[in-house]
Every structure is written in structure tokens, then in C-alpha cells.
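Report on one structure; see the data block that follows.
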Amino acid sequence: MQKIIDAHVHLSERRDDSLNRFAKMHGLKYTLDGLLRTMDKYNVERGLLLSPPLQGGSPLPNEEIIKLCGKSGGRLAPVVTVEPTAKEVKAAIRLAEENRKEVKAFKIRLGYVKAFADSPAFNKLYDFAESEGLPVLFHTGDTASDTGDLVRSHPLTLDGLANAREELRVVLCHFGNPWFEDVAELIYKHPNVYTDISGLTTGGGAYAEKFTDWLVKKIEAAIYFAGGAEKIFFGTDYPITTYPEALALVEKLEVHNADKEMMLWRNAKRVFGL
Ligand SMILES: [Zn+2]
């Protein structure tokens, strides 16, 4: 079976986790044990663990993410979520320093926090991430809440940051959905800009199947435009998207098997040092 690395997983084991409803909807056992079993089933060797949003909107404290990863037997690696204040940036850097071997990336929740990617509030974080070679993941595109800020989560807001900081590894989560073409241009243009295919198959309503076909065409077109898939990671956004749904997207792509393999694990291994 094909080896897989999942570059975008959420988990908390808390009742006030706002993703509980997705787990319920998909019939998933939203616990560490349940997740590890599911990963085994689909041959997912490793995953990057990101804070889920709690009811009320704030992310699960990063310490809990690090704890869960510690109990995963090396299967899950923590991503530290950073909010746009000097205090939060300082705390995130300290946590990454204290857990230097474990922490693999940072995450910024564009569209949910009141800051653009190039906000000066993040300058110290970017300095640290650049010097440590730690990628920064950005939520981009559609927001789960209808009060999200699309002007701040638009993928093109990352172009300025990537121009200003050529060494910074930038990951645009969710392929900037629905702005796939903008992301295609960004990963083509910038040597250190990447994207993931997580959390995509949630829309379409009565046209869910057609919507999946539309997603496949968009991802394919981006790969053709960029000339390959070396900048694209596989991810589920578990429990928002299930493994069968996310894997079907990759399976349906009319691209070389080598590109699928890069998406499914090779790129994540290389870029996150997993
Ligand atoms: Zn997510």
C-alpha cells in the first residue's frame, strides 16, 4: 500500500472542540487512539497536528497539541498556532525552542484573526522561522465561519511576504480554495511557497460529486501550470475531510505517478523534515 504523510490533522479530545460535529458527521472516533487506528488503516505513517478551534473561536492551547503528539509514539508532530500579538508570538517562539526536536512548523489563522500575513506583529516569528528553517502554514481561502475575513485570507496576500522573505517557507493551506489559480501562480513563482489539498471536499451540497470533479480539475490545472507537484502536500484537515475523500482527489488526478507520490509523502518528508 502507498505510504502517506498527512500534512494537516486536527485533534483535541475535548468536548468544547468545534470540530466535534465533523467527526460525528463522518462517524469518526475523534480521539488519539481513533486517529492512530485510522492512520494505520490508510498507511498514514505520520501527520502534522494543528490546533482545532474551540467553541468561542480560540484555538486549542499549543501545549495540548504537544502533549497529544508526545503520546502518539512519534506518529504526530506538532505545529504551533500563532495569534497576532507580541505576547502570543513570544510564547510560540519559546515553545518551539523548548520543543526544538518536535515542533515542525507554525500556523497562522488568516481570515479568523484580525491581521494580514505581512502584519508587523509576526515579524519576530518570521525571523525565527526563517533562521530555524521552520515552515509557516497559513489558512487561506474560504473560512468555516460566515464572519471570516476573505480579504485577509486571500492567497495573493502572501505574495508580498514571499517577496520580502525569500528564505521563509510558506504553506498556503486548502489550496486557497476557491482561488486555485492564484495559488498555482504563487507556487510556480516562489521557490519557497507550497500548498496543501486539505479540507476541500466539504462543499457542493446536492452536487457533491460534481464538486469533487471540479476540485480534481482545479488541482490538475495547477500541477500542469507549475510543471509538477513538488510544491503540493497531501492533507485531510481531519476530521473535516476523511481519508477516503482526500485520497480520492489524488487518485483521480491525471498526472504522473511520481507526482502523486511527491504529494502523498515525499514533499512533506523533505520540507518538514519528517
Ligand atoms: Zn485545518
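The values are calculated or read from the model by the stated rules, or taken from the named source; none is laboratory data. On a predicted model such as this, the values are computed, not experimentally measured, just so you know. Cβ: placed from backbone, ideal geometry, glycine included. Neighbour counts: every protein chain shown. These accessible areas exclude ligands, DNA and RNA; they are computed on the full protein's heavy atoms, side chains included. Shrake-Rupley method; radii C 1.70, N 1.55, O 1.52, S 1.80 Å.
Some notes on this structure:
- Segment N257-A144, length gained on full extension (0.36 nm per residue, minus Cα span): 37.4 nm
- Calculated mean residue ellipticity, 222 nm, the chain: -11500 deg cm²/dmol, from DSSP H runs (n ≥ 4) at -39500 (n - 2.57) each, averaged per residue and rounded to 500.
- For the chain, the C-alpha radius of gyration divided by 2.2 N^0.38 Å, with N the number of residues, is 0.92.
- Debye-sum result for the stretch 85-224 in log10 I(q)/I(0), which assumes one identical scatterer on each alpha carbon, at q = 0.16, 0.18, 0.22 Å⁻¹: -0.84, -1.02, -1.36
- Probing with 1.4 Å while keeping every protein chain in the model, the per residue accessible area of the chain equals 45 Å².
- Most to least accessible of Y238, Y42 (protein chains only, probe 1.4 Å): Y42, Y238
- Take every pair of alpha-carbon atoms less than 8 Å apart whose residues are at least six positions apart; their mean separation over the length of the stretch 1-78 yields a relative contact order of 38 percent.
- Checked against a 29 Å cut-off, the cross-linked pairs K3/K71; K29/K218; K67/K210; K71/K210; K24/K252; K67/K218 give Cα-Cα distances beyond that limit for K29/K218; K67/K210; K71/K210; K67/K218.
- Value of Rg/Rh across the stretch 116-188 [Cα atoms, Kirkwood radius]: 0.96
- Formal net charge of residues neighbouring C69 (Cβ-Cβ distance under 15 Å; K, R +1; D, E -1): 0
- Accessible area, probe 1.4 Å, largest first, for residues I65, I240: I240, I65
- Computed over neighbours whose Cβ is under 10 Å from that of G235, the net charge equals -3, Lys and Arg +1, Asp and Glu -1.
- On the principal axes of its alpha carbon atoms, the stretch 193-253 extends 33, 22, 18 Å, with the longest extent given first.
- Normalised by residue count, the stretch 30-142 yields a Cα convex hull volume of 119 Å³ per residue.
- Difference of contour (0.36 nm per residue) and Cα-Cα distance, S119 to K210: 29.0 nm
- Peptide packing for 76-89, 242-255, 201-214 was compared via the average number of neighbouring C-beta atoms within 10 Å per residue; ordered from the highest value, the list is 76-89, 242-255, 201-214.
- Relative contact order computed over the chain (Cα-Cα under 8 Å; 6+ residues apart), in percent: 18
- Accessible surface of the stretch 181-222, 1.4 Å probe, proportion on carbon and sulfur as whole %: 53
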